[in-house]
Amino acid sequence: MNTSVTIGSSHEFRLSRVLLVYGTSDYNSYPYRHPFITVHEAVHDSDGARLAEGQLVTPKILSDLLVGLGRSAPLEFLPERVIVRTAETIVWWMPACVRTMSFSDHGGDAALKRMNGNAYPQPAMVFKASGSHLWVRALVKNQRPVADTKMSMAPHWNCYDNGVVCTGSMTIPREKSVKAIDLWEKSFFESEFTHAAGIRLHTKYSGGLLAMWQSLRTKRIFPIHHLIELKQNFAEFVNDNDQSYGNANQGG
């Protein structure tokens, strides 16, 4: 096996590391749900080249490899709404606005059917996208958050108390640049809101979340006193990458 390659007349590259990708042995389960990657140093001696003991690849190792290949975060013009941008993650805020929302009426619920596809006022919100994962929070003030800005629970179904969104019928944007933020928002609001995600309270509204949205169908401004403020601040939200669909406080 050749362990070196010559490019042009003066550049010779020698095998230095090897990545091995492991997946399930059941090829019917494609795409593989639980793959992992190991990296092995190539050891060169008189007998040729061999692989040293492997090390499990972490996101940090992959990031370092991408940087070495010139694949760090691309140069982009960042709109005012973008607050944090790394090679893997984009965090932005959305000013208060009115958006069309879709609710699941597969159960034949007449109330949900009437609500489906109407425009509803939204509070200011912050979104965080990383890979195929999305997190959301609401904001009491309609302004760009800073590090110590307190977060509020997003008053929407499909959202867990750690902020992660059950993407369900959402279309996940393939584009990973800042151009994707509008696609993420459109997909979030226009996918079907289907379930409470195990959270007891999404809102302070006395009748609950569904009744709240029913009351807002003809309104243009979201009443911020309906929001449930959290202990979490914006900096903590940005740095919390919990992707689990679980809650500290389970409820109906």
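The values are calculated or read from the model by the stated rules, or taken from the named source; none is laboratory data. If you're wondering where the values come from, they're calculated on a predicted model, not measured in any experiment. All Cβ positions, even for glycine, are placed from backbone atoms using ideal geometry, and neighbour counts span all protein chains on display.
A single member of Arg81, Arg99, Arg85 is more than 17 Å from the chain's Cα centre (by Cα), of a type in the set (D, E, K, R) and either surrounded by fewer than 22 Cβ atoms within 10 Å (Cβ to Cβ) or farther than 18 Å from His226 by Cα (or both), and it is Arg99.
Restricting attention to region 36-61 and to residues that are over 12 Å from Leu20 (Cα atoms), of a type outside the set (Gly, Ala, Ser) and modelled with pLDDT under 85, the residue that is surrounded by the most Cβ atoms within 10 Å (Cβ to Cβ) turns out to be Ile61.
Each residue in region 200-215 was checked for being out of contact with any helix residue (DSSP H, G or I) (no Cβ under 9 Å at 6 or more places or on another chain) and crowded, with 18+ Cβ neighbours inside 10 Å, and 1 pass. When Ala129, Ala138, Ala124, Ala154 are checked against the criterion of being among the small types (Gly, Ala, Ser), more than 18 Å from Cys97 (Cα to Cα) and modelled with pLDDT of 90 or more, Ala129 stands alone in meeting it. In the set (1) within 19 Å of Pro123 (Cα to Cα); (2) in contact with an Asp or Glu (Cβ under 8 Å, 6 or more places away or on another chain); (3) assigned to a loop (DSSP other than H, G, I, E, B), the condition left unmet by Leu183 is number (3).
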